[in-house]
1. Rounded if a/c is under 1.5, else prolate if a/b is larger than b/c, else oblate: which is segment A:119-194, with a ≥ b ≥ c the root eigenvalues of its Cα gyration tensor?
2. Residues of segment B:48-95 that become at least 40 Å² less accessible with every protein chain present than in their own chain isolated, using 1.4 Å: which are they?
3. According to a simple spin-label model (label point 7 Å from Cα along Cα-to-Cβ), what is the distance in nm between A:VAL145 and B:ARG152?
4. Is the protein assembly as shown best put as rounded, prolate or oblate by its Cα gyration tensor, with a ≥ b ≥ c the root eigenvalues, rounded for a/c under 1.5, and otherwise prolate when a/b is larger than b/c, oblate when not?
5. For helix A:185-217, what angle does its Cα long axis make with the longest principal axis of chain A, in degrees from 0 to 90 and rounded to 10?
6. Roughly to the nearest percent, how much of the accessible area of chain B is carbon and sulfur, given a 1.4 Å probe?
7. Report the B-A buried area as the accessible area lost on both sides summed, probe 1.4 Å, in Å² to the nearest 100.
8. Determine the principal axes of the Cα atoms in segment B:91-242, then give the extent along each, sorted from largest to smallest and rounded to whole angstroms.
Amino acid sequence: MIWDWGFALEILPVLARAAIISIEATLIGFALAASLGLVLAVVRIAVPWTSWTISVLVELIRSTPLLIQIFFLYFVFPKFGVVLDAFTAGVLAIGIHYAAYCSEVYRAGFDNIHRGQWEASIALNLSSWTTFRDIIIPQAIPPIVPALGNYLVALFKETPLLSAIAVMELMQTAKIIGSETFRYTEPITLVGLFFLAMSLVSAALIRSLEELLNRRTTR
Amino acid sequence: MGIRTLVAMLVIALVVIGALATQESYRMFMPGLLQGAVLTVEIAVLGSLLAIIMGVLAALARMYGPTPLRWLATVYVEIFRGTSALVQLFWLFFVLPQFGVTINAFVVAVLALGLNVGAYGSECVRGAIQSVARGQWEACTALNMSRPQMLRRIILPQAFVAMIPPWGNLFIELLKSTALVSLITLSDLAFKAQQMNQNTFKTIPIFTLVLLMYLAMSLVVTIGMRLLERRASLGLARGKAA
């Protein structure tokens, strides 16, 4: 028997518990990515001399593999006296990696704001903090929500990488079940199906969110 | 970022690698890492070729194929875009043997990454084909061209230019994803790094060199795609004037 339903049902609760860790990592990682990305994008515009540094930094982060960055945080940071446990290091790496991508999304959002809005803010003598908080960000965020949503799904699909530093998330749990029982078919297939289901559901959610936002912002 | 900045970054990365390689504590890792880098490049190149083939086939099947083929292509794209690359890699490596199909790790790596990126690529191809102006399609119909003629002579050459930037991003994604193959026992750059790290605990030199090497490889891809884009859009009235 190639596929054993009894065994699949038996491991389902264990995988479900691990799925919670995966989702936790996704949510914390994305919260970090979304906020750090926004900070990077804002600082880049508000403090002109950092612009070049930040774009080089973003380029560096985007052109090296996430797996190596996870290893870097997990293995290299302890040498500088910063010891992070596996979950923290992994989530931090994912968050920073996606912050680089998100900052580009925010930048696109800011670039789409009409020039007159910036000029009007200067004319009204608003500080750059107020300009961003009250004028630019409220207009820039809604159009880029779908793009951020896509990165949320992409980030979620990267969480199996955490298994490489032995975080007990979905993939690691499936691998352990596989090595204990010598049955890899059910655990890994179930993990695949779980990701497929989550991705399809979130893709549908993003699409309806996009429609909602389009309806609200169409003038 | 401008192409000059990218070239400058590449030169700096290479110079730093070269400078570090002259130091005793770094030099000992160079041969092993370079060996790993060769495997990384091999997988990336073969994976990219497979991705291009799959991307074009899936896009054409989805747009013009008969209904069963269209379904098949849609299922392929949704499955490979909907699950993690790592899960796909593990599935091909650990699960397929249980169905009696054993493939060696290198082929699994190329297959998984090529199929994964191909699924994303098919959407780029589809978008690019659909972005060709309507008048072009209508003109082809007016000239009584058959569909293959229309695609080969008129549509694809124009769609090709629009495809270059998204494919550039995908090639970089693929290059970075090759780091995953270290988890199915292939001794690529990431695997060598981890192996040396476990043997020597010289974490800082190893990972610094590895990051720089990946950076250099990605920059080569980015610069190459920029040049290709510049070359391909010569004589086409699109985008900003150079």
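The values are calculated or read from the model by the stated rules, or taken from the named source; none is laboratory data. Remember, it's a predicted structure, so these values are computed and weren't measured experimentally. Note that each Cβ is placed from the backbone with ideal geometry, even for glycine, and that neighbours are counted across all protein chains shown. These accessible areas exclude ligands, DNA and RNA; they are computed on the full protein's heavy atoms, side chains included. Shrake-Rupley method; radii C 1.70, N 1.55, O 1.52, S 1.80 Å.
1. In terms of gyration-tensor shape, prolate.
2. Those residues are B:GLY82, B:THR83, B:SER84, B:LEU86, B:VAL87, B:PHE90, B:TRP91, B:PHE94, B:VAL95.
3. For B:ARG152 paired with A:VAL145, the spin-label model returns 4.8 nm.
4. Judged from the Cα gyration tensor, the protein assembly as shown comes out rounded (a/c under 1.5).
5. Here the helix axis deviates by roughly 20 degrees.
6. After summing per-atom areas, the C and S share lands at 66 percent.
7. Details: alone 13530 and 12730 Å², together 22860 Å².
What B and A bury together is about 3400 Å².
8. 68, 47, 16
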